[in-house]
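Laboratory data are not the source of any read-out in this text; all were calculated from the coordinates shown. Small disclaimer: the values here were computed from a predicted structure and weren't measured. Backbone-built Cβ (ideal geometry, glycine too); neighbour counts: all protein chains shown.
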Amino acid sequence: AQSVSQHNHHVILSEAASLELGCNYSYGGTVNLFWYVQYPGQHLQLLLKYFSGDPLVKGIKGFEAEFIKSKFSFNLRKPSVQWSDTAEYFCAASEGDKLIFGTGTRLQVFP
Amino acid sequence: ETGVTQTPRHLVMGMTNKKSLKCEQHLGHNAMYWYKQSAKKPLELMFVYNFKEQTENNSVPSRFSPECPNSSHLFLHLHTLQPEDSALYLCASSLRQGRDETQYFGPGTRLLVL
């Protein structure tokens with residue numbers, strides 16, 4: 001069965017710092033991968049997704065993620081964070097018609 | 001703007017009450033989902049409906065009863081809940097067509113069981 005691990009539970013950064021959030025999944029077959037973001041008081045929104053093709057995926061708001069099959073990883077990156085990026089970030093992997101989510105990473109960005 | 005709406009946004013109920021959560025999607029999707037989001041735990045898939053047919057029941061207690069009258073509407077009927085059922089209940093929808101089955105989420109219903 002698929003499982004998803006997010007190693008960073010709480011990340012605190014200053015504005016303009018670079019961000020990398022780790023995500024590993026367990027099932028090595030064909031997999032679809034997602035990053036969702038949940039801003040305070042708002043619903044889960046899709047940041048980016050990977051299905052096939054270029055392993056470097058660009059999403060909204062300057063985020064990108066790299067699919068590394070050999071490492072079962074799909075880490076999220078942003079070169080320079082802003083205060084408005086304060087939110088909870090969830091990695092998810094498909095298992096058939098289901099999505100398996102990680103526990104989430106809470107990001108706090110201070111001005 | 002999500003395209004998936006949920007009502008009510010907040011609900012407080014006693015353990016003997018019966019209430020229902022409603023979800024509506026305006027995206028032309030054909031699959032709908034209920035998730036439970038509790039603090040410090042991953043989102044837990046509860047139910048999946050594909051073309052109005054339930055295709056997944058993820059070992060959810062019978063005090064949660066889903067209903068999907070059509071592809072646009074999904075309900076979660078609640079009765080005799082327990083305090084540990086307090087959580088954020090999220091609805092999502094997707095288009096089952098090809099490999100891209102991205103799920104889009106509603107804002108959730110924050111449920112408190114007293």
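With a threshold of 20 Å on the Cα-Cα distance, the over-threshold entries among B:Lys18/B:Lys52; A:Lys98/B:Lys52; A:Lys71/B:Lys36; A:Lys58/B:Lys40; A:Lys49/A:Lys78 are B:Lys18/B:Lys52; A:Lys71/B:Lys36; A:Lys58/B:Lys40.
For chain B, build the charge dipole from Cβ charges (+1 Lys, Arg; -1 Asp, Glu) around the Cα centre, then report which of B:Met15, B:Ser71, B:Val4 sits farthest towards its positive end. In chain B, that residue is B:Met15. With all projection directions averaged, the alpha carbon convex hull of region A:53-110 covers 5.0 nm². Once Rg and the Kirkwood radius are both taken over the C-alpha atoms of chain B, their ratio Rg/Rh works out to 0.95. For B:Arg110 and B:Ser59, the FRET efficiency from 1/(1 + (r/R0)^6), where r spans their Cβ atoms and R0 equals 22 Å, is about 0.40.
For a footprinting-style exposure proxy, rank A:Val31, A:Val37 by other Cβ within 10 Å, fewest first.
The fewest-first ordering by Cβ neighbours comes to A:Val31, A:Val37.
Note on B:Lys52 and B:Thr7: with the Förster distance fixed at 22 Å, the Cβ-Cβ geometry gives a FRET efficiency of about 0.65. Shape index of the protein assembly as shown: Rg/Rh, with Rg the Cα radius of gyration and Rh the Kirkwood radius from the inverse mean 1/r over Cα pairs, equals 0.97. Filter the GluC sites (Glu not before Pro) in region A:1-99 to those in DSSP coil with at most 15 other Cβ atoms within 10 Å of their Cβ, and list the result. Qualifying residues, ordered by number: A:Glu15. Each of B:Met15, B:Met46, B:Met32 was scored by other Cβ atoms within 10 Å of its Cβ. Arranged with the fewest first, they read B:Met15, B:Met46, B:Met32.
Qualifying trypsin sites (Lys or Arg not before Pro) in region B:57-114, where qualification requires a DSSP coil assignment and no more than 16 other C-beta atoms within 10 Å, comprise B:Arg63, B:Arg96, B:Arg99. The value of relative contact order for region A:14-90, using C-alpha pairs under 8 Å at least six residues apart, is 42 percent.
Remark: spin-label model distance B:Asn17-A:His9 equals 3.1 nm, labels positioned 7 Å along the Cα→Cβ axis. Cβ-to-Cβ counts within 10 Å put A:Asp97, B:Asp85 in ascending order as A:Asp97, B:Asp85, the fewest first. Look at the stretch B:96-108: the mean tally of other chain Cβ atoms within 10 Å of its residues' Cβ atoms is 4.
Note on region B:51-97: Cα Rg divided by 2.2 N^0.38 Å, N the number of residues, gives 1.28. When DSSP beta bridges are restricted to pairs lying wholly in the protein assembly as shown, around 90% turn out antiparallel.
Mean per-residue shielding of peptide A:100-108 is 2, counting Cβ atoms of other chains within 10 Å of each Cβ.
Cβ distances below 4.7 Å define possible disulfide partners, and in chain B the cysteines left without one are B:Cys68. Quick check: Cα centre of region A:48-82 to Cα centre of region B:42-87, how many Å? Cα centroid to Cα centroid, the span is 32 Å.
Taking every DSSP bridge with both residues inside chain B, close to 90 percent are antiparallel.
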